[in-house]
Amino acid sequence: MRFWPFAFSLCACSLDTFGYTADTSSLSTSGELDTGATSDDPTSPTDTPTSDPGQCSDGAVDDTEECDDGDQDDHDTCTNACTLAVCGDGVVGPGEACDDANSVDGDDCTNTCTLSHCGDGELQPGELCDDGDDDSSDDCTALCKPPACGDGFIHAGVELCDDGPDNSDDAACTTTCEPAACGDGHTYTGVEDCDDANDVDTDACLGTCVAAVCGDGLIHAGVETCEDDNTVDDDACSNDCVAARIAFVTSAYINAAGNLGGIVGADFICGEFAFNAGLQGEFKAWLSDSDATSAPATRFASTAFTGWYLRTDGAPIAHGWVDLTTLGDGGDYLEVAIYVDENGDELAGGAYVWTNTKPDGTQNSSVDHCNNWLSGSMTMMGGLGLSTENDLSTSWTAANTLPCNNTQPLYCFQIAP
């Protein structure tokens, strides 16, 4: 407090006048009150505010602060600015994985301050979809990609299987994500023999995806000509599933003698005898004329035949063309003689048969053919074979010649079913 001099000049009375004893020891010579402080003292009342607002991080929360925890840790619940930590303040606080201080939900830090990841429901860079779940059977897989065959996830309602990189057309799950099945055109390794995508049982692959084999009870068209489901080789169906062919000697002598109507006429005669006996298939005469190509080896077109030649009584004559026309180890061509007729009856006493053919099925003579089997003249000759029970060697087909006015039977061979 400052006391002005003129106040005392106005009043000549002392403080004692008011009942006080004045203490003038604290007054300076200038009349000012001596407080004991100098003007340079930092605690001087002239430099100290009358109300202290406090400082952030002093531990005391004042009116301008949301919090004050008295420390310098910017990542706890109270920031260094004395504000409560919240997502979006740019400071990674408790419970936050990130804080990028923006409201963009499609960057690396979401608006909930979690790191963006596949399955968070937000489409991020590098993701093709994100449905917010880990269900890989729906329209967005747990890899945040649309489902695709081969990704290893079964797309419900679309795929029936998906083995990922193991998908293969010869495995349990195909490259179209369909389970392997007989008839799909793909051979399932270790399970199917074959798969030709059809249910035809007469081709190389059965409708059960099992390869056709002789003995399966089904005739493989173009490969097998029979199926008898047994292991008897020299019956009507061999163990190679080749149907047997019939050979016989005609039951009657041909009245026209050597005039058979040529090779064509002779073949017709064989067909008639077979038909009348109820035999199936095409038959031709074992006969050759002046043309070497007329011989059975060429005309029959049977050199590839591997089935059995049987008599009408079921006895096996030879096993295929090669066996028929090749001399065996025992010096015979035939296993049994062809002296049984179309009806299964033996030719009583045997007979000479018009042939002009060698055992190998080729032409025997270029002249002994009764003028190409068009003449019954006694001045012409025709080649003969001998049909008796014991003729198994060369003589069965090349034994003698006779004038063409003789009536003789014919050998007839089936050449087709």
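What the table below lists for this structure:
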{"quantity": "Extended-chain gain in nm, criterion 0.36 nm per residue less alpha-carbon gap, Asn400 and Asn102", "calculated": "95.4 nm"}
{"quantity": "Antiparallel %, DSSP beta bridges [both residues in the chain], to 5", "calculated": "90 percent"}
{"quantity": "Cα-centred dipole magnitude for region 338-407, charges only on beta-carbon of K, R (+1) and D, E (-1), debye, nearest 20", "calculated": "380 debye"}
{"quantity": "Among Gly157, Gly217, Gly281, residue whose mean-square fluctuation peaks in a GNM of the chain (springs only between Cα atoms under 10 Å)", "calculated": "Gly157"}
{"quantity": "Hydrodynamic radius (Kirkwood) for region 90-138, which is based on Cα pairs only, to one decimal in Å", "calculated": "11.5 Å"}
{"quantity": "Unit charges on C-beta of K, R, D, E only; dipole of region 245-416, Debye", "calculated": "360 debye"}
{"quantity": "Alpha-carbon centroid distance for the pair region 215-233 / region 262-325, whole angstrom", "calculated": "23 Å"}
{"quantity": "Charged-residue dipole, Cβ positions (Lys, Arg, Asp, Glu), the chain about Cα centre, Debye nearest 20", "calculated": "5340 debye"}
{"quantity": "Proximal charge balance of His369 [Cβ under 11 Å; K/R count +1, D/E count -1]", "calculated": "-3"}
{"quantity": "Pairwise label distance in nanometres, Asp235 with Asp69, each label 7 Å out on the Cα-Cβ vector", "calculated": "9.9 nm"}
{"quantity": "Helix-only CD estimate at 222 nm, as mean residue ellipticity for the chain, using -39500 (n - 2.57) per DSSP H run (n ≥ 4)", "calculated": "-2000 deg cm²/dmol"}
{"quantity": "Formal net charge of residues neighbouring Gly350 (Cβ-Cβ distance under 10 Å; K, R +1; D, E -1)", "calculated": "-3"}
{"quantity": "Rg ratio (alpha-carbon, reference 2.2 N^0.38 Å) - region 98-243", "calculated": "1.88"}
{"quantity": "Sum of side-chain charges, Asp216 neighbourhood, beta-carbon under 10 Å (Lys, Arg +1; Asp, Glu -1)", "calculated": "-4"}
{"quantity": "Whole-number percent relative contact order across region 296-417, with pairs defined as alpha carbons under 8 Å at least 6 apart", "calculated": "24 percent"}
{"quantity": "Alpha-carbon Rg/Rh ratio, for the chain, with Rh computed the Kirkwood way", "calculated": "1.85"}
{"quantity": "Dipole of region 245-416, positive direction: furthest Cα of Thr325, Met381, Thr401, with charges on the beta-carbon", "calculated": "Met381"}
{"quantity": "Principal-axis tilt of helix 262-276 within the chain, Cα atoms, nearest 10 degrees", "calculated": "80 degrees"}
{"quantity": "Exposure proxy ranking, count of Cβ atoms within 10 Å, fewest first, for Cys161, Cys404, Cys237", "calculated": "Cys161, Cys237, Cys404"}
{"quantity": "Highest-fluctuation residue, His155, His186, His117 considered, GNM on the chain with Cα pairs under 10 Å", "calculated": "His117"}
{"quantity": "Contact order normalised by residue count of the chain, Cα under 8 Å, 6+ apart, percent", "calculated": "9 percent"}
{"quantity": "Cα-derived Rg over Rh, computed across region 245-416 with Rh taken as Kirkwood radius", "calculated": "0.93"}
{"quantity": "Relative contact order of region 113-221, defined on C-alpha pairs under 8 angstrom at six or more residues apart (%)", "calculated": "12 percent"}
{"quantity": "Order of Ile254, Ile415 - criterion: other Cβ atoms within 10 Å of each residue's Cβ, fewest first", "calculated": "Ile415, Ile254"}
{"quantity": "Rounded to 5, the percent of DSSP beta bridges in region 245-416 classed as antiparallel", "calculated": "90 percent"}
{"quantity": "Given charges at Cβ of Lys, Arg, Asp, Glu: the chain dipole, positive-most of Gly93, Thr231, Ser288", "calculated": "Ser288"}
{"quantity": "Segment Ser366-Gln280, extension gain: residue separation times 0.36 nm, minus the distance between their alpha carbons", "calculated": "27.7 nm"}
{"quantity": "Leu128 paired with Asp170, simple spin-label distance in nm, labels 7 Å along Cα-to-beta-carbon", "calculated": "2.9 nm"}
{"quantity": "Fluctuation leader among His369, His75, His319 - the chain, Gaussian network, Cα springs under 10 angstrom", "calculated": "His75"}
{"quantity": "Dipole-positive endmost among Asn259, Leu410, Ala204 within the chain (Cβ charges, Cα centre)", "calculated": "Asn259"}
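The numbers here are math on the coordinates, done by the rules we state, and not lab data. Quick caveat: nothing in here was measured; it's all calculated off a predicted structure. In this analysis, Cβ positions are derived from the backbone assuming ideal geometry, glycine residues included, and neighbour counts consider all displayed protein chains.
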